[in-house]
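So the structure is just underneath, and the comments pick up after that.
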Amino acid sequence: MDSGVDKVVPEKASRGTIFTCNLCKLEARFDYLGRRPPFAPHIAFLEDGYICRDPFGSSSSSQRPLFLGSACSLCHATVCCSLSCSFFFAKRFCLPCARQNVAAFCPEAQAELLKALGAKP
């Protein structure tokens, strides 16, 4: 996913293509992998990710994208956006990688990361 090139999941594959978080095991069907989902052309995410149409919205709002997760920029594990699974600061990091590399983040990011990890700065 480092290429920055958006990838539309083929219609046939999208019916059974499942996003799975490697940490919490959340599973959800996704419709698109990339930054700019074609069903919501006015939205561009800051990272490549697994995106689905809003399954809870009405038919008129079903074009709203729901960002499920992305790959950790260090270990490439697929993780969801939950604060208990990943941390985003310019790039996505799974919490195990973020914990191992907390000193590499700037002080502001370290404070946010320590909050997510449940530790005091």
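The values are calculated or read from the model by the stated rules, or taken from the named source; none is laboratory data. All values derive from a computational prediction rather than experimental measurement. So basically every Cβ, Gly included, is an ideal-geometry build from the backbone, and we count neighbours across all protein chains shown. Just the protein is used for accessible areas: all its heavy atoms, side chains included, with ligands, DNA and RNA removed. Shrake-Rupley method; radii C 1.70, N 1.55, O 1.52, S 1.80 Å.
Table for the structure above
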read-out: Residue in segment 52-61 that is among the hydroxyl-bearing types (Ser, Thr, Tyr), open to solvent by 50 Å² or more (accessible area, probe 1.4 Å), touching a residue at least 60 places away in the same chain (Cβ under 8 Å) and not in a strand (DSSP E or B) present; value: no
read-out: Complete set of residues in segment 38-88 that are over 12 Å from the mean Cα position of the chain (by Cα) and within 22 Å of Glu112 (Cα to Cα); value: Leu74, Cys75, Ser84
read-out: Test: residue in segment 9-27 that is in a loop (DSSP other than H, G, I, E, B), open to solvent by 30 Å² or more (accessible area, probe 1.4 Å) and at pLDDT below 50; value: yes
read-out: Options Cys80, Cys75; residue that is modelled with pLDDT of 95 or more and farther than 29 Å from Ala40 by Cα; value: Cys75
read-out: Which numbered condition Leu66 fails, given (1) under 25 Å from Phe39 (Cβ atoms); (2) open to solvent by less than 50 Å² (accessible area, probe 1.4 Å); value: (2)
read-out: All positions within segment 81-101 that are open to solvent by 40 Å² or more (accessible area, probe 1.4 Å) and hydrophobic (A, V, I, L, M, F, W, C); value: Cys81, Leu83, Phe88, Phe89, Ala90
